[in-house]
Amino acid sequence: MSLLVDMMTNTLDGSYADAAARRAGKERLATERGNRVAAPSRQRRVLAVVLLLLLGGVTGTASAQVRRGDSAARTARVQLLQDVRDETRNTDDLSRRAQDLRLAVGVLRDTALGAGSAGRLQAERLAELNLVTGGVPVRGPGIVLTLDDAKGATGTPAARGGDVERGRVQDRDLQDVVNGLWAAGAEAISINGLRLTALTAIRSAGEAILVDFRPLSPPYAIRAVGDRNGLQSGFGSGAAGGRLAALASLVHVRYFVMGADDLHLAAAGLPDLRLAQPGSGS
């Protein structure tokens, strides 16, 4: 009777019960281990999201600061350019006023010197010196040589590492042309309205060409007063004309030469007094 009761009460064999218990224990252990592994994984995901948010915030702040810095730099550059234009305009006004006053002084001087023969001789000598030094305006026939950059020479200095782009007119090109015109017999020369003298400096600052420390922009109109035919033939057959033609062929710098019947060149600025000595008193 007890065997029948035991069979009805314990339906599973003992070994089966032990195997089922071990399997249940393993499943419980795996579940607990999975929970322990899942918890750090969730923590890492949350930490990664937080880090991404922080990185995005920092990047956005840095980008905003860079944009503000670029905007401030552009504003400062525009203001600086405007200041340069204003000061250049003021300098031009003062130069014109100084030239008018210089001409008025010259008229009074010539009137005073014309009273005697010695004074007239001095007036003639002063007139010759003023012509050579560019102290008076000059008007007469001559040629106009226009020198310009090659087509498409518009790259930015940053894209070229600050180097001057091929095809751009440089200061040495203007120097060579001016010297060639002097050699061809020019009596007076100006570049974009600025009168040249023996003391005029043609230099470069970055990509800007400075004539007497005044920045010029292309095209460069070089006006030379003198014998028109002699200037054209003398410059074209000279060394400077040959180098200019070669430059145009190699880097496609453009230049045009045409004769003119009536050119008007303004006077140059007053030269600095470097040497003086007292007169005889007569």
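Brief remarks on what is shown
- Some residue of the stretch 129-143 being farther than 30 Å from I209 by Cβ, without any contact (Cβ under 8 Å) to a residue 24 or more places away in the chain and not β-branched (V, I, T): no
- When residues of the stretch 205-221 are limited to those that are of a type in the set (G, A, S) and part of a strand (DSSP E or B), the one farthest from G142 (Cα to Cα): A205
- Annotation note: Cβ proximity below 7 Å between a residue of the stretch 222-239 that is closer than 13 Å to I189 by Cα and open to solvent by 30 Å² or more (accessible area, probe 1.4 Å) and a residue that is among the hydroxyl-bearing types (S, T, Y) and assigned to a strand (DSSP E or B) (sequence gap 6+ or interchain) occurs for R223/S190.
- Complete set of residues in the stretch 88-104 that are open to solvent by 90 Å² or more (accessible area, probe 1.4 Å) and at pLDDT below 80: R96
- Enumeration of residues in the stretch 252-282 that are surrounded by 15 or more Cβ atoms within 10 Å (Cβ to Cβ) and either at pLDDT below 90 or not aliphatic (A, V, I, L, M) (or both): R254, Y255, A266, A267, A268, G269
- Exactly one residue out of V136, V177, V169 is within 20 Å of L263 (Cα to Cα) and at pLDDT 90 or above: that is V177.
- Sole residue being part of a loop (DSSP other than H, G, I, E, B) and among the hydrophobic types (A, V, I, L, M, F, W, C), chosen from A224, A240, A198, A245: A198
- Residue that is of a type in the set (D, E, K, R), under 30 Å from V136 (Cα atoms) and modelled with pLDDT of 75 or more, where the choices are R85, R77: R85
- Considering (1) over 27 Å from R223 (Cβ atoms); (2) touching a Lys or Arg at 6+ places or on another chain (Cβ under 8 Å), the lone condition that P141 does not fulfil carries the number (1).
- Residue check for D70: without any contact (Cβ under 8 Å) to a residue 12 or more places away in the chain, more than 24 Å from A268 (Cα to Cα) and either of a type in the set (D, E, K, R) or in contact with a Gly (Cβ under 6 Å, 6 or more places away or on another chain) (or both): yes
The values are calculated or read from the model by the stated rules, or taken from the named source; none is laboratory data. The shown structure was predicted, so the numbers you read here are calculated from the model rather than taken from an experiment. We place every Cβ from the backbone using ideal geometry, glycine too, and count neighbours over all the protein chains shown. These accessible areas exclude ligands, DNA and RNA; they are computed on the full protein's heavy atoms, side chains included. Shrake-Rupley method; radii C 1.70, N 1.55, O 1.52, S 1.80 Å.
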